[in-house]
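The values are calculated or read from the model by the stated rules, or taken from the named source; none is laboratory data. Owing to the predicted nature of the structure, the values given are computational and were not obtained by experimental measurement. FYI the Cβ positions are ideal-geometry reconstructions off the backbone, even for glycines, and counts take in every protein chain you see. Just so you know, the surface numbers come from the protein's heavy atoms only, side chains and all, with ligands and any DNA or RNA stripped out. Shrake-Rupley method; radii C 1.70, N 1.55, O 1.52, S 1.80 Å.
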Amino acid sequence: MKTTQTGGARTRAVIYCRISQDRTGAGLGVDRQREDCEALAERMGWDVVEVYVDNDVSAFSGKLRKDYRRMLADLDDGKATVVIVWHTDRLTRSIVELEEYIELSDRRGIATHTVQAGTIDLATPSGRMTARILGAVARQESEHKGHRVARARQQKAMAGEWAGGIRPFGWGVPTGETKKKVDRKTGEETEAPELDMAKVVPDEAEALRFWVDEILSGASLRSLVKWCADKGITTTRGNPVTHVELRDMLMRPRNAGIAVYKGEEVGRGKWEPIVDEAKHRAVVAILMDPARKTTPGAAPKWLGSLLYRCGRGDCTGYVTVTQSGGRRYPSYKCPTGHGGGRRAEVVDQYVEDTIVERLEKPDAHELLEPAPEGVDVAALQAEGEQIRARMRDLGGLFGAGELELAPFTEGMETARAQLDGVTRQLARAVTADPLAGLVGAPDVRAAWKALELDRKRAVLRSLVEVTLRTPRPGRMPDGGYFDYEAVVFQWKRATRS
Ligand SMILES: [Zn+2]
């Protein structure tokens, strides 16, 4: 055992605490975790040399835990030989993390003690298996079975009760009753109106549905953040809506009436849904798409930056707009540096004119993507439900020791891939064609002009690929210096004729 005292030297232990959103059971505040761990150290006669604390509000999100990484580095340095945690679900959040932890424990002879589950000797195969099972159970099970508190919380989650304290955007209508509220800092008691979290706030519901439809027709989060600011729409705490908050609000399964417990979908909630489930899943798929830039970086100011292709020589890279190098005007230029730029304003005007002209043609309606035929949204949703149930079953089997690690992970990966496919199908069924508002408009040019830049970019992206080839030198036959023929259009959609 690594935990016994030898030659008068006390065993050095570290404590790891993590605050997470899943405040299971005995109110797992960090103070409580720490106290329990310290008591265990004292009973065992260990010296606690360091306490690591991570604040990780989204469990399983894969977010980097700073103190956890620092602890692993310290353990690798030989700082301690014992790790104390409240429960293994505080320690590792995924099988990958667990395997890394096991490897380190094995190499450095580190013993892990938990307040809840006793000692886990990761140096032995049975200890490792225990840890893997505990990890898998924490990850896959939506509750610690038989845990009354957890069960009560799950029931509350299903009933749509909001445990978080902050009212979810879209719900919470005053019942007329009031309840006493104690300020945690001052201990002051105040009367607060009681809210019915199953009831929809009409204005907020309308905003939520508007955002969903906008995202489905190609709008960016950025433009919706601006919309909120313009309309004076705030978070339920009265703060301006930021990019991150808007994304969170749109990703909430609650919007579609889906109950979630500990990060897992557990069924239908009892509250009034605001958004159609298919639309909700499509929005989530769009916002999760790695190809979509989700960071709130600088808004593109030009129609074609990162959308037009370079086209000089064999280059197929995308151009960006720059005014560096003594240029008098902002110009599209390939970041790899070859060749001169093309004046951005002139290129964009030409591209916009060409798109409008195309959409004004009598056969333009044929460019519209037909609504996906034969997509049975209800059947897709049912299939998704089945896959999610299978994932829960797999977790249960693995947790009960009836399934080995390899078939378990394999089964989960297959299920996840299938679920991805179903979600993509659903997204296609409800996503609006970016061209829809333009084709058939009484004044196509005016309709185009009225679009925000990100919507124009969505149209461009789906309709045509523009390549900026090397322009001919000197004066053009039209008397000007801009070589329009070097701007090449490749239409992505064809008419039937
Ligand atoms: Zn290039």
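Points worth noting:
- Evaluated with a Cβ-only charge set (Lys, Arg +1; Asp, Glu -1), region 157-288 carries a dipole of roughly 340 debye about its Cα centre, given to the nearest 20.
- Environment charge of residue 312, counting only residues whose C-beta is closer than 12 Å and scoring Lys/Arg +1, Asp/Glu -1: +3
- With a 1.4 Å probe rolled over the protein heavy atoms of all chains, the accessible area of 366, 385 falls in the order 385, 366, largest first.
- Accessible surface ranking for 112, 119, 1.4 angstrom probe, highest first: 119, 112.
- The simple Förster model, with R0 at 51 Å and r as the Cβ-Cβ distance, assigns residue 43 and residue 386 a FRET efficiency of 0.60.
- The packing ranking, built from the mean of other Cβ atoms within 10 Å per residue, places the peptides 397-410, 247-260 in the order 247-260, 397-410, highest first.
- When nucleic acids and ligands are ignored and a 1.4 Å probe is applied, residue 316 ends up with an accessible area of around 90 Å².
- Within the assembled protein chains, the solvent-accessible surface assigned to residue 50 is about 50 Å², based on a 1.4 Å probe.
- Pair-distance distribution of region 377-430: all C-alpha pairs, bin width 10 Å, starting at 0; shares per bin in whole percent are 26, 45, 22, 7, 0.
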